[in-house]
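Undergrad: Sharing a structure, written as C-alpha cells. Questions coming.
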Amino acid sequence: MSGIEDIDPEIAALLGDTVPDTSDSETSVDADEFESALPAERGPRDLDDTDDDGDGIPNVDLSVSKFAPVEKFFEDEPNPVFDDPKYYKTCFTGEDESAPRLHQLLTKYLTTQDRNDRSVYRQQIITAYWNFLRSLAPKMGSSKTPLCKKLAMRYGMVLPSLFTPEQKEFFSRAILNNNTGEPILYMDEWLKEVAAGRLTLSVTDEVPMKKRGPGADQQYLQQLKSKNDGKFQSSESLLTSRENERERLEVLVQDKITQLFEHPPVIGLDNHKQPYSDMQRKMFAEINQTFHQLQRVDKELAGYLRELQEAKEIRYSLEAKAAELPEETVNVGVEEILSEMTTVRQMAKMTCGRQGNQFPILSKEFFHNMDKDTGFRENVLRELTWIESIDPNCFCRIHRNIPNRIVPYVLLVPTYGDSGFCWEPFDRFNRITSRGRIVIPMYPRNLKIACLTAVGDLRWQVAKEKASFDWMSDGLTGQYYQYFEGKKMKGDVKQYFIEDYILWMTKEANGTQKLEKEVRAIFWRYLPFPQDRKDELKKRSLVYAELVQRDINRSMSDGY
C-alpha cells in the first residue's frame, strides 16, 4: 500500500517524537506536553475573522441573474501553515479524550505491517476522527482557534506528512476566505454560521425536543422572521415586475399618442393639416386596450404594495420584540452545534454511499485529484456556473408565475465520495425565497458529475414539493414517474431521474442522443436549454427540430 507499508521517516519521527507514543497502551496523551506545542501566535494568512459580527452569507438577492466570473482560483504564494512542525500536535492540543484516541489509532494504522490489522484500525479511525471533529466543532466560530484545527475540519488534514510535497504545495495555495459572495461553504465555515445563528440547523427526520428556555423565544421569532422575509422579498419582486410592466405600457401609450398628434400639411393648402390616417385611427382602439392593461397592472401593483407594506411592518415588529429579549439568547448553544455536526456526518456518509471509501483523513493513499477536480469553493462555483449556463432555471423557484433565482447553500465535505445530493429544497418556514441546501464531496473522481448529481437532486425535490400530493401525476416529477411506471422499471425513481439528468446535461446538450424519446421530450419541456442552444440543436437533428416545433405550437396555444 503506497506510502503506508514503508512508513516515511518524517511521519515516524512525528509520531515517535513530537507526540507521545501511546500505541502500546490506553493511556491518554499528556495535556501539558500538548500545551507546550501551541504556537505563540496565529500562523500567516489565517482565515479572516473580521466578519464575526456581521453576516457571513449575503441575503438572497432576487435581482441577481447569474454567478459572477471567478477571477482567481488559487493564491499566488503558498501558505506556510503546512510547514509548521507543530501542526499535528497543535491540532490535538486542548481537545477531549477523542484526540489521544485518534492519535493512538493513527500510530497503529501507520506502523502496522499486517493488512488485516490495518483494515481494522482504518474502520476504527473513521469513528474516532468524527468524534475528534465533534470536539472541534464548537470552536469553529472563535477567532482564537488555531488555523490548523480549522483546516483539519475543512480538508480532513491532521497530518501534513500524509501527502506528497506537491499535494502539500497544492493545498497551501487554496484560497481560504470566501471572496465569491456566494453561499458555498466549507465545513468549518458552515459550523461557524450555525454558531452565529445565521444558519439554521439542518432538518432531520428526528422530532426535535420542545425547549422552554429563553432561547426558544428567540428561535420562534427567527422562524417568524424567516417566513415574513419570504413574503417581503416575494412582494418586492412582484411589485418591481409590475412597476416595470407599467413603465413599459406608459412608454407605449406615450409613443402612440405622439404619433396620433402628428398631422402633415395638406398639399396646396399649407395652412391646413391632414385628418387622421387609417394607421392613426387604429391607434384609438390600441390605446384604449393599453389603458385597460394599465388599469389591470395598477390594480395588481396596489395589491403587492399593500403586501409589501404589511410585511415591512411585521418585520419592524419582530425586530422590536427580538431587541427586548436577552442578548445572550441570540447565540446558538453547544448542543445545537453538536446536533448539526451529527447531521453533517450523515451528509458525509451519503456522499460516499455504503460501498464507498469512508476514510475521513486526507492522505496520498486515497487523494489522486487534479487541481480542477478538487472541490475547492472556486472550482465548485465554476461547475455550478457551467450547469446554470445549460440549465438556466436550475436554481429558480416559481411563485405567482414569476421565477425567483435562489442559489442554495452549498456544503463542501472533505470526503472521497462521488455523489452530491440535496438535503433540503428550501427552508420549511419560508418556501418562497429561502435557500435550499446541497452537499458536494471535495475529493470525487469527477467534480462535474458530483455537482450534477447535487443539482439534479435539487431539481427533483423542488419539483416534487411544488406538485405536493400530485407529484406522481403533475409537472416534471409526474411526467417522469408516468414514464417510469409505463416502462415497468424497478428501483428508486429519483436515482433514475438524476442519471438521466446527467446525460441530458453532458450528452443531449451537445446533440448526442442518449436518452429515451419520452425522457427527452419531458426534459425539453420542463428543463429547457437556453434558446440559442435550442436553435443550434435543431440544425443538427430532426429530433430536436421537432421539439422546437412543439415549443412553437405550445406557445401559440397558450390561453386557449
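Undergrad: Would you check which residues across the range 154-182 are in contact (Cβ under 8 Å) with a residue 40 or more places away in the chain, in a helix (DSSP H, G or I) and of a type outside the set (K, R) and list them?
TA: Across the range 154-182, the qualifying residues are Y155, P160, S161, L162, Q167, E169, F170, F171, S172.
Undergrad: Right, next: Out of L185, L136, L191, L162, report the one residue that is more than 26 Å from the chain's Cα centre (by Cα) and open to solvent by less than 20 Å² (accessible area, probe 1.4 Å). Let's see the steps before the verdict.
TA: Values: L185 fails: more than 26 Å from the chain's Cα centre (by Cα); L136 fails: more than 26 Å from the chain's Cα centre (by Cα); L191 fails: more than 26 Å from the chain's Cα centre (by Cα).
Of the residues listed, the single one that is more than 26 Å from the chain's Cα centre (by Cα) and open to solvent by less than 20 Å² (accessible area, probe 1.4 Å) is L162.
Undergrad: Kindly check whether there is at least one residue in the range 425-442 that is without any contact (Cβ under 8 Å) to a residue 12 or more places away in the chain and open to solvent by 10 Å² or more (accessible area, probe 1.4 Å).
TA: From the range 425-442, those without any contact (Cβ under 8 Å) to a residue 12 or more places away in the chain are none; that's our starting set.
Taking every residue of the range 425-442 in turn, none turns out to be without any contact (Cβ under 8 Å) to a residue 12 or more places away in the chain and open to solvent by 10 Å² or more (accessible area, probe 1.4 Å).
Undergrad: Let me ask something else. Would you pick out the residues in the range 394-406 that are open to solvent by 10 Å² or more (accessible area, probe 1.4 Å) and in a loop (DSSP other than H, G, I, E, B)? Don't jump to the end; show me each part of the working.
TA: Just the residues of the range 394-406 that are open to solvent by 10 Å² or more (accessible area, probe 1.4 Å), to begin with: 396-403, 405.
Result: R400, N401.
Undergrad: Can you name every one of the helices (runs of 4 or more DSSP H) wholly within the range 472-560 that holds 1 or more residues which are aliphatic (A, V, I, L, M) and either out of contact with any Phe, Trp or Tyr (no Cβ under 7 Å at 6 or more places or on another chain) or touching a residue at least 40 places away in the same chain (Cβ under 8 Å) (or both)?
TA: On the way: elements: 475-486, 493-506, 517-526, 531-540, 542-557.
Fully inside the range 472-560 and qualifying: 475-486, 493-506, 517-526, 542-557.
Undergrad: Return the residue satisfying two criteria in turn: it lies in the range 407-456 and is among the hydroxyl-bearing types (S, T, Y) and out of contact with any Ser or Thr (no Cβ under 7 Å at 6 or more places or on another chain), and of such residues it is nearest to D373 (Cα to Cα).
TA: First, the residues of the range 407-456 that are among the hydroxyl-bearing types (S, T, Y): 409, 415-416, 419, 433-434, 443, 453.
From the residues that got through so far, the ones that are out of contact with any Ser or Thr (no Cβ under 7 Å at 6 or more places or on another chain) too are 409, 416.
Details: Y409: 20, Y416: 12 Å.
For the range 407-456, the residue satisfying everything is Y416.
Undergrad: Separate question: For residues that are without any contact (Cβ under 8 Å) to a residue 40 or more places away in the chain and open to solvent by 10 Å² or more (accessible area, probe 1.4 Å), scanning just the range 102-114, find the one that is farthest from T90 (Cα to Cα).
TA: D114
Undergrad: Here is a follow-up. Being polar (S, T, N, Q), under 30 Å from G197 (Cα atoms) and either touching a strand residue (DSSP E or B) at 6+ places or on another chain (Cβ under 8 Å) or open to solvent by 100 Å² or more (accessible area, probe 1.4 Å) (or both), is that true of even one residue in the range 260-275? Before the answer, list the steps.
TA: Step one: list which residues in the range 260-275 are polar (S, T, N, Q), which gives 271, 274.
Keeping just the survivors that are under 30 Å from G197 (Cα atoms) gives none.
No.
Undergrad: Kindly evaluate S119 against the criterion of being farther than 19 Å from L136 by Cα and either open to solvent by less than 80 Å² (accessible area, probe 1.4 Å) or not hydrophobic (A, V, I, L, M, F, W, C) (or both). Even if it seems obvious, please write down each step before you answer.
TA: Numbers: farther than 19 Å from L136 by Cα: yes; either open to solvent by less than 80 Å² (accessible area, probe 1.4 Å) or not hydrophobic (A, V, I, L, M, F, W, C) (or both): yes.
So S119 fits the description; yes.
The values are calculated or read from the model by the stated rules, or taken from the named source; none is laboratory data. All values reported here derive from a predicted model rather than from experimental measurement. Cβ atoms come from the backbone with ideal geometry, glycine included; neighbour counts cover every protein chain shown. What goes into the accessible areas is simple: the full protein's heavy atoms, side chains included, and nothing from ligands, DNA or RNA. Shrake-Rupley method; radii C 1.70, N 1.55, O 1.52, S 1.80 Å.
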